[in-house]
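Structure first, then comments.
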Amino acid sequence: NLTTKVYGSSGTQGIDLRNIPADNIKSVEVITGIPSVEYGNFSNGIIKVETKSGRTAPKLKAKINPDTKTASFSHGIAIKESVLDYHLNYAYSERDLRKEGDEYQRLHASGNLSRCFFNEKLDMKIRSSYTKMIDDEKPTDVQKIKNYNRGYRAAGSVNLDYTRTENDKIIGFLGFNLNRKKAYKSKWVAEQLIIEGDSIPLPGYVGIMNEIGKEWNIKGKLQKKTTYQNSKRTHKVLLGLEGDYQKNTGDGLYIDPVYPYYGQYSSRRSYSFSTFPEITSLSLYSEDMIKGKFLNKKYTLMLGLRYDVFNPTGFNFGKMFKDKAFLKSDHGDFLCPRFNLQYFITDDLRFRIGAGKSAKAVSLGYIYKPPAYYKYLKDSVVVEEEQLQYNPDLQTYTADKYEASIDWKILDILGLSLTGYYTESEDRPTGVNYPWGYDINPDTLTSADYSIYENRGWYKSSGMEFTVRTKRIHNFQHKMNVTYRFTHGGRSGLKYDSQPDTNWEQIWYPPDDSWREKVIIDYQLNYISKRLGVWVTFDLQHVPLEHRKTIYNGNSKVKDVDDLEEQKLFYQGMTYWYDSALYSTGGRTLFNFRFTKSLSQKTELSLYINNVLNDRGKWINPFTGRITEYNPEIYYGLEISTQW
């Protein structure tokens with residue numbers, strides 16, 4: 001369902017969640033364990049979001065709080081043999097209530113047209129959505145910051161489900177997603193600037209940048225689901241084929257050459273989106289979900305295999321066994337097996353174990369990184385050199401995950417679950433710096449450098465999760481989740497130092513790595529009274545432990561430190577003597593409250609308060625005294641919805 005997904009084929013950062021309206025979400029499912037081969041990358045977990053569709057009564061919903069207002073309307077009607085449902089949403093927010101001209105607005109419209117054919121054997125759904133952003137920040141502060149965004153997102157898809165028999169189904173999907181970028185930015189740059197033809201330097205200037213273009217994503221899928229059954233076992237067989245196409249077009253990023261946004265000596269320049277080629281991926285997968293009995297106990301066994309190839313260029317019959325690749329490709333191909341077993345020791349006690357591999361696609365922004373530029377003065381003449389930073393040989397990478405858990409239901413009242421997992425990945429894309437001119441002379445040493453993404457990164461993650469959930473007793477239900485996470489990441493190879501102290505530092509030295517650990521306790525108590533028409537929810541999150549540490553692996557030296565009477569140990573790559581210290585930032589709590597009252601059979605009113613105690617989770621750096629706030633400020637509002 002493309003209406004619930006956000007794509008960014010050229011991005012190297014996250015997603016602005018303000019672009020996603022939540023009022024039309026029907027359900028959110030977190031898929032635990034090793035998922036079906038139908039899902040590609042699962043290294044960061046899978047969240048399945050289903051939007052509302054079908055014939056529904058008109059519903060109006062509104063939210064209001066001090067800095068955000070939203071309103072939505074949804075309706076589903078029958079048109080002869082078809083059903084048309086649509087959803088409209090408007091949102092308005094302010095970054096700072098004390099400042100005018102920094103408002104954000106979102107306009108969203110989506111619709112689904114569904115119909116059945118051939119005696120309800122063929123189910124067709126046509127979906128579409130459009131989201132318009134109006135994001136303004138006027139230059140009313142000292143830095144003269146101005147942000148302007150008039151982009152939009154559009155998506156459309158066709159789903160066909162054909163049920164040949166009760167045990168045989170064919171599913172087809174074709175969809176597109178368009179991210180139209182139209183943004184403008186400006187800010188004050190505190191650098192002296194001499195305009196050509198004018199000998200008097202300016203004390204500073206307003207730097208200008210804009211981004212105009214389109215990010216296209218087209219995806220198709222074909223699946224066949226068949227069920228076979230005998231006296232001992234049931235087999236649910238899945239066969240699938242998927243294709244994905246990504247392409248960026250348009251003017252791209254424009255940085256004013258006279259008033260550069262990032263400063264006169266920045267290595268960034270304008271570039272066109274159309275300069276870089278498209279990227280495609282192809283996936284084939286097969287899975288058998290087996291249900292049966294072993295030693296008179298029920299079990300469910302999933303065996304699956306997925307083949308992912310990125311930017312395929314042709315068949316590889318001649319060297320298939322030597323290269324271990326069925327298809328030739330620019331960015332790699334991978335066989336990803338998956339296994340998941342659920343064994344019911346009793347009807348109330350279940351053991352789960354699984355392992356699997358998944359492939360992670362590489363962003364266009366990593367492969368085709370724009371060139372870097374270096375400007376310097378030579379013989380009284382300003383010279384500018386260009387250095388390419390793209391890496392067409394950058395490969396995708398895989399993640400291996402192992403998980404085991406046990407679930408126990410006690411007297412239909414209490415449910416317990418304990419899960420342990422371990423995930424690791426290698427050859428992750430990471431930026432590698434080189435001295436300017438390295439491609440000509442690898443022994444060069446310059447203060448100027450450039451960066452290329454290479455497959456050198458590695459990442460490991462492990463943890464335990466304990467969950468307790470009770471049945472609703474006297475209108476009350478309790479939920480608790482305790483999680484421990486440990487992550488460790490770094491990169492292989494050597495790191496470049498442009499200004500080493502040759503007495504003890506190296507030009508190329510071993511890079512650092514870092515680890516983090518965290519304990520999170522989530523607790524929820526909710527109360528429902530149908531007679532009173534009341535639903536009350538209390539949410540509590542506590543972080544009793546959170547540690548982080550950077551490990552430096554280069555040469556070391558004991559040095560004098562300004563303002564300290566004692567010497568400190570420095571490793572190469574450290575800026576301050578405390579960079580290698582163990583930081584402990586735990587000990588914070590977040591408390592949320594929500595109260596919902598039914599005003600009539602079809603109308604309800606809600607009051608919600610997030611961070612009720614307004615505890616900002618302040619942490620004071622013991623070395624610098626800098627204050628970091630981990631919790632958002634108190635956030636509250638009213639919500640009303642009605643149907644007719």
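Computed from the coordinates by the stated procedures, all read-outs in this text should not be read as laboratory data. This structure is a prediction, so every number in the text was calculated from the model and none was measured. Glycine also receives a Cβ, built like all others from the backbone with ideal geometry; neighbour counts cover every protein chain displayed.
Over all directions, what mean area does the Cα convex hull of the chain project, stated in square nanometres?
Details: hull surface 153.3 nm².
The Cα convex hull of the chain, projected and averaged over all directions, gives 38.3 nm².
Apply the Karplus parameterisation 6.51 cos²θ - 1.76 cosθ + 1.60, with θ equal to phi minus 60°, to every residue of the stretch 591-599 and state each ³J(HN,Hα) to the nearest whole Hz, in sequence, with x for glycine and proline.
Here the 3J(HN,Hα) series is 10, 10, 9, 9, 10, 10, 10, 7, 8 Hz.
Using 25 Å as the Cα-Cα cut-off, could you pick out the over-long pairs in Lys26/Lys232; Lys144/Lys181; Lys187/Lys378; Lys69/Lys132?
Lys26/Lys232; Lys187/Lys378
Can you list the aspartates and glutamates whose alpha carbon is less than 13 Å from that of Lys293, not counting same-chain residues fewer than 8 positions off?
Those aspartates and glutamates meeting the cut-off are Asp347.
Given R₀ = 45 Å, FRET efficiency for Leu545-Arg472 by Cβ-Cβ distance, to 0.05?
0.90
Packing-wise, with mean Cβ within 10 Å as the measure, how do 371-383, 510-522 rank, highest first?
510-522, 371-383
Under 14 Å from a point 7 Å along the Cα-to-Cβ line of Arg531: which residues of the stretch 455-491 have their amide N that close?
474-476
How big is the equivalent ellipsoid of the stretch 118-239 along its three axes, where each semi-axis is √(5λ) from the Cα gyration tensor, reported in whole Å from largest to smallest?
58, 15, 12
From Cα coordinates alone, what are the radius of gyration and Dmax values for the stretch 473-626 in angstrom?
24.9, 80
Treat every Asp and Glu Cβ in the stretch 320-470 as -1 and every Lys and Arg Cβ as +1, leave all other atoms uncharged, and give the resulting dipole magnitude about the Cα centre to the nearest 20 debye. Walk me through the intermediate numbers first.
Working: 17 positive and 22 negative charges, 115 e Å.
The calculated dipole for the stretch 320-470 is roughly 560 debye.
Please name whichever of Ile79, Pro21, Leu122 sits farthest to the positive end of the charge dipole of the stretch 1-276, dipole taken about the Cα centre and charges placed at Cβ: Lys and Arg +1, Asp and Glu -1.
Value: Leu122.
I'd like the FRET efficiency for Gln105 and Leu295, computed as 1/(1 + (r/R0)^6) with the beta carbon distance as r and R0 of 60 Å, rounded to 0.05.
According to the calculation, E is roughly 0.45.
How fast does the stretch 32-167 diffuse by Stokes-Einstein, in µm²/s, taking the Kirkwood radius from C-alpha pairs at 4 °C and 1.567 mPa s?
70 µm²/s
Find out how many positive minus negative residues lie around Thr470, taking Lys and Arg as positive, Asp and Glu as negative, among other residues whose Cβ is under 12 Å from that of Thr470.
Value of the local net charge: +4.
What is the extension gain from Arg55 to Met480, computed as 0.36 nm multiplied by their sequence separation minus the C-alpha to C-alpha distance, in nm to one decimal?
Length difference between fully extended and current span is 149.4 nm.
Could you calculate the contour length gain from Ser451 to Leu582, that is, 0.36 nm times the residue separation minus the distance between their Cα atoms, to one decimal place in nm?
Net length gain for the segment: 44.2 nm.
Grab the DSSP H runs of the chain that are 4 residues or longer, score each as -39,500 (n - 2.57), total them, divide by all residues and round the 222 nm result to the nearest 500 deg cm²/dmol.
After summing the helix terms and dividing by the residues of the chain, the value is 0 deg cm²/dmol.
Taking each pair of different alpha-carbon atoms in the stretch 1-276 once, compute 1/r for the pair, average those values, and report the inverse of that mean as the Kirkwood hydrodynamic radius in Å to one decimal.
22.4 Å
Between Arg95 and Arg516, what FRET efficiency comes out of the Förster formula 1/(1 + (r/R0)^6) with R0 = 41 Å and r the beta carbon distance, rounded to 0.05?
On the way: r = 30 Å, r/R0 = 0.72.
About 0.90, to the nearest 0.05.
Using the structure shown, select from Lys219/Lys460; Lys125/Lys224; Lys61/Lys618; Lys221/Lys247; Lys61/Lys185 the pairs with a Cα to Cα distance greater than 29 angstrom. Mind showing how you got there, number by number?
Details: Lys219/Lys460 31 Å; Lys125/Lys224 18 Å; Lys61/Lys618 35 Å; Lys221/Lys247 19 Å; Lys61/Lys185 34 Å.
Check vs 29 Å cut-off fails for Lys219/Lys460; Lys61/Lys618; Lys61/Lys185.
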